[in-house]
Amino acid sequence: MYADLHRDAIVADTHNDLLMTVSARPPETWASFFREQWLPQLREGGVDVQVLPAFIDVHFRPEGALRQTLRMIECAHVLAEGNGDEVRVCLDGSEIDQALAEGKIALVIALESMPGLDASVELLPTLHRLGVRVASIAHWGRTPLADGSGEDDTESRLTSHGVAVLREMERLGMVFDVSHLGASGVAHVLEIATRPVIATHSSARVLRDHHRNLTDEQLRAVAAGGGVVCVNFLAAFLSDRPEGYTIERLADHILHIADVAGVDHVGLGPDFIREVLLDLTPPCESYSTTGLDTMATIPGLDGPRGMPLVTRELLRRGVVEQDIRKILGGNVMRLFRAELGRPAEHAPGVPAAGEARAPGAAVPQRGPVAAGASEHSR
Ligand SMILES: [Zn+2]
């Protein structure tokens, strides 16, 4: 029963760092390595839409980070071209729909922070031309654009360059990702954003008091702007005790966000980082400098293969099928169909430049697709 529902629903994962493992290998092996190592996992997990962030290690200086950013974007295209029978890099909602109709996994290229951009806002259209459609502007620390959540004590808003990046992303049709952004930066973005935002991998702060999670006020504000919060599965973000590293606890976060933000504003951003860390970290080094046990996972959910367990748990908790479909991917698809790759002048309901939406104002229904009408047949 749950397996049938999971297979039939559109499942969107808005954060998997698999590009880190693929791009670490020789370019001539990118396509084959993806096919052997990741594709079977994504297929078994029923993943239909996969957002692929390019994450650049903090030790890179801007020029090196730009080179590495370009390399990871190229990697995404190469692995897709080499597996064109199975996956496709998609630039907007209609390309995603087309890929799904062909039984392919839709890939969306993203940036997790933009150290390669530095403050060169004029290069953002270049990254857009290369296929980037989702992006955040900070990781744990400070960037020329904003402070990450690890610097929350600064209480800092976006820099002028950060504001310019947000405006340029809205103009181009790139979805702004508030995950990792500091609390005051999130408030700033939600104050001035004219298009919906996404949190690609963030959970509920009231259930786990960590600066990477979102407060109820932030959850409501993202929803009021029409955005979606995609729950991070990383065990240490779900509970401060190993006893809490359970699928029940994950469902608690999903259902809490559904309660607070509304069931139309919650999605899944698993952040399956264990395999990436095992693959890339030399044995002599620590896995993490963040003070978190990033290797801990929920039983059965250490990778994409476990995704159907989420559907099973939500059914067990009494969530109705229509809402499960929204959580699995329907909400992310609504956002992507309306926002992804749609320049501001072509997006419905986007206020004129400089005219921010009033806080908490009702959000016009966007996009052509009614809930529940969007499932693909595979
Ligand atoms: Zn992250």
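Throughout, read-outs are computed from the coordinates displayed, never taken from laboratory work. None of these values were measured; they are calculated from a predicted model. Note that we place each Cβ from the backbone using ideal geometry, even for glycine, and neighbour counts take in every protein chain shown.
Computed values, structure above
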read-out: Förster radius 56 Å - calculated FRET efficiency between M1 and S120, Cβ distance, rounded to 0.05; value: 0.60
read-out: Peptides 230-238, 170-178, 19-27, 312-320 ordered by average Cβ neighbours within 10 Å, highest first; value: 230-238, 170-178, 19-27, 312-320
read-out: Integer Hz, Karplus 6.51/-1.76/1.60 couplings in order for segment 166-182, x for Gly and Pro; value: 4, 4, 5, 4, 5, 5, 7, x, 9, 7, 7, 9, 8, 4, 6, 6, x
read-out: Estimated dipole of the chain in Debye, rounded to 20 [Cβ of Lys and Arg +1, of Asp and Glu -1, Cα centre]; value: 520 debye
read-out: J(HN,Hα) series, segment 4-13, from Karplus relation 6.51 cos²θ - 1.76 cosθ + 1.60, nearest Hz, glycine and proline x; value: 5, 4, 4, 5, 6, 6, 7, 10, 10, 10
read-out: Estimated vicinal HN-Hα couplings, Hz - segment 71-77 in sequence order (Karplus 6.51, -1.76, 1.60; Gly, Pro = x); value: 5, 6, 5, 4, 4, 4, 5
read-out: Residue-averaged 222 nm ellipticity for the chain, from DSSP H runs of 4+ at -39500 (n - 2.57), nearest 500; value: -10500 deg cm²/dmol
read-out: Over the chain, relative contact order from alpha-carbon pairs under 8 Å, at least 6 apart, %; value: 20 percent
read-out: Charge dipole (segment 63-149, unit charges on Cβ, about Cα centre) - positive-most of C90, V132, M114; value: M114
read-out: Gap separating the Cα centres of segment 141-217 and segment 306-320, nearest whole Å; value: 30 Å
read-out: Percentage relative contact order, segment 95-238, counting C-alpha pairs under 8 Å, at least six apart; value: 18 percent
read-out: P(r) tail fraction, segment 2-344 - alpha-carbon pairs more than 30 Å apart, %; value: 28 percent
read-out: Dipole-positive endmost among I254, L314, P299 within segment 229-336 (Cβ charges, Cα centre); value: L314
read-out: Interchain or long-range residues, amide H under 5 Å from L214's placed H; value: S203, A204, R205
